[in-house]
Amino acid sequence: MKVCKIWLLEVLCILSTLKIVNTSVNTSREPNVKITTQSSNHSAAYLSGNAVDGCTKQHFVHNCCSHTKAGQKEAWWQVDLDGLIVMEYVKIYYRDQGYQQKQRFGGYQIYQSNTSDWRNGHLCHKDTSSTSAALSLIPEIPCTGSAQYLTIYSDRRSGGLSWYSSYAVLELCEVEVYGCPLGKYGDGNCDSDCDVGCANSLCDPVTGGCAYCAVGYYRSGSVCVECPSNCYDNICNAESGVCSACTLGYYGSHCNQTCLFNCKDKRCMQSNGECEDCEDGFFGSSCDVCSVGCIKHVCDKVSGSCSRKYLKKNT
């Protein structure tokens with residue numbers, strides 16, 4: 001029993017040091033296997049769908065890999081992620097059977113696009129390995145941003161580096177696109193909602209941090225919070241929270257100070273709180289009270305000079 005208690009304490013100690021890490025998911029297969037296409041087929045056994053079948057073996061056993069036709073100067077493979085995905089990274093398992101695989105894979109490019117027309121999309125990565133030895137056949141590439149389509153492309157029209165193959169061939173055994181659907185993040189299943197303050201519902205697929213703040217919000221640390229309550233039309237600087245203007249009766253960079261009560265219509269300068277105009281009976285930038293010698297306390301609102309004075313009685 002004593003040994004058991006010691007073991008239990010050790011387990012609890014280990015668990016207490018573990019951190020729960022939010023992660024995105026392989027959107028190529030989750031929540032469903034996605035539709036793929038490629039520029040050509042080597043044969044009916046090596047179609048584009050083999051690259052999203054969950055098999056990460058890097059050889060042709062059991063038809064694990066896709067393969068484009070030989071003798072071409074261009075080759076591409078594409079997956080439709082079935083909606084906008086905020087991507088984190090792409091992991092590729094390329095065929096590795098010692099038959100010029102690195103020469104074929106060298107110089108590959110990855111494009112993101114919102115339509116199948118990937119040539120007008122965004123180039124998020126281009127391999128620049130100087131030698132075949134430097135090229136990984138299981139690369140993990142940061143490829144951030146939102147897109148519905150991801151395309152892997154090989155171009156041999158201009159030749160490329162001396163160690164590249166003469167023709168463009170893609171032999172992709174598995175392509176994993178990690179991220180979350182737009183508006184979601186983390187928890188290993190992308191079930192958490194991006195914060196309401198994230199512009200266009202765009203947040204980091206792992207941490208949930210907003211890429212940009214929506215109108216009416218500003219960045220405070222890693223989150224977007226509402227603009228100060230007295231900002232006019234709820235508009236403030238997205239980074240500092242400084243109000244563009246204040247609602248009536250308030251001033252200051254964050255509109256958290258109250259205008260003097262004797263400012264006409266509660267209007268004062270946002271920068272320093274000085275009244276734009278004074279109520280009757282007051283004068284100057286601070287709207288001081290008119291002299292008691294002024295009839296009905298009426299005076300010039302700039303100088304303070306009485307409009308009319310009480311006459312002194314002779315004694």
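The values are calculated or read from the model by the stated rules, or taken from the named source; none is laboratory data. Here the structure is a predicted model, which is why all the values come from computation and not from measurement. Glycine gets a Cβ as well: all are built from the backbone with ideal geometry, and neighbour counts include every protein chain shown. We work out accessible area using only protein heavy atoms, side chains counted, and drop any ligands, DNA or RNA first. Shrake-Rupley method; radii C 1.70, N 1.55, O 1.52, S 1.80 Å.
Against the longest principal axis of the chain, how steep is helix 2-17, in degrees 0 to 90 to the nearest 10, with axes from Cα atoms?
70 degrees
Given the pairs K57/K184; K34/K73; K34/K126; K73/K126, which are separated by over 22 angstrom at their Cα positions?
From K57/K184; K34/K73; K34/K126; K73/K126, over 22 Å: K57/K184; K34/K73; K34/K126.
Starting from the Cα of Q100, step 7 Å along the direction of its Cβ; do the same at S192; then give the gap between the two resulting points in nm.
Going from the Q100 label point to the S192 one covers 4.8 nm.
Between S158 and S303, how many nm apart are label points set 7 Å from Cα along the C-beta direction?
7.8 nm
Could you sort W76, W118 by accessible area so the largest value comes first, with the probe set to 1.4 Å?
W76, W118
Applying a 10 Å radius around every beta-carbon, put 256-262, 181-187 in order of their mean neighbour count, most first.
Going by the mean number of other Cβ atoms within 10 Å, highest first, we get 181-187, 256-262.
Among Y149, Y250, what's the order by accessible area (1.4 angstrom probe), most exposed first?
Y250, Y149
Quick check: at a probe of 1.4 Å, how many percent of the accessible area of the chain sits on carbon and sulfur atoms?
52 percent
For the range 254-259, what does the Karplus curve 6.51 cos²θ - 1.76 cosθ + 1.60, with θ = phi - 60°, yield as ³J(HN,Hα) per residue in whole Hz, taken in order and with x for Gly and Pro?
10, 6, 10, 10, 9, 5
Show which aspartates and glutamates lie in cross-link reach of K266 when reach means a straight Cα distance below 18 angstrom and same-chain residues fewer than eight apart are skipped.
Answer for K266, where 18 Å is the Cα cut-off: D233, E274, E276, D277, E279, D280, D288, listed by chain and number.
How big is the Rg/Rh ratio for the range 215-315, C-alpha atoms only, Rh by Kirkwood, two decimals?
1.27
From largest to smallest, what semi-axes in whole angstrom does the chain give when each is the square root of 5 times an eigenvalue of its alpha carbon gyration tensor?
69, 27, 15
Determine the shape class of the range 71-192: with a ≥ b ≥ c the square roots of the Cα gyration tensor eigenvalues, call it rounded for a/c under 1.5, and otherwise prolate if a/b is greater than b/c, oblate otherwise.
Cα axes put the range 71-192 in the prolate bin.
Assuming R0 = 30 Å, can you tell me the calculated FRET efficiency for the pair D280 and S240, based on Cβ-Cβ distance, to the nearest 0.05?
So, using R0 = 30 Å, E works out to roughly 0.20.
Please calculate how many Å² of accessible area the range 34-83 carries per residue, with a 1.4 Å probe and no DNA, RNA or ligand atoms counted.
Ligands and nucleic acids excluded, the result is 46 Å² per residue.
If I stretch the segment between V225 and I295 completely, what's the gain in nm (0.36 nm per residue apart, minus their alpha carbon distance), one decimal?
20.0 nm
Give me the 1.4 Å probe accessible area per residue for the range 198-272, excluding ligands and nucleic acids, in Å².
57 Å²
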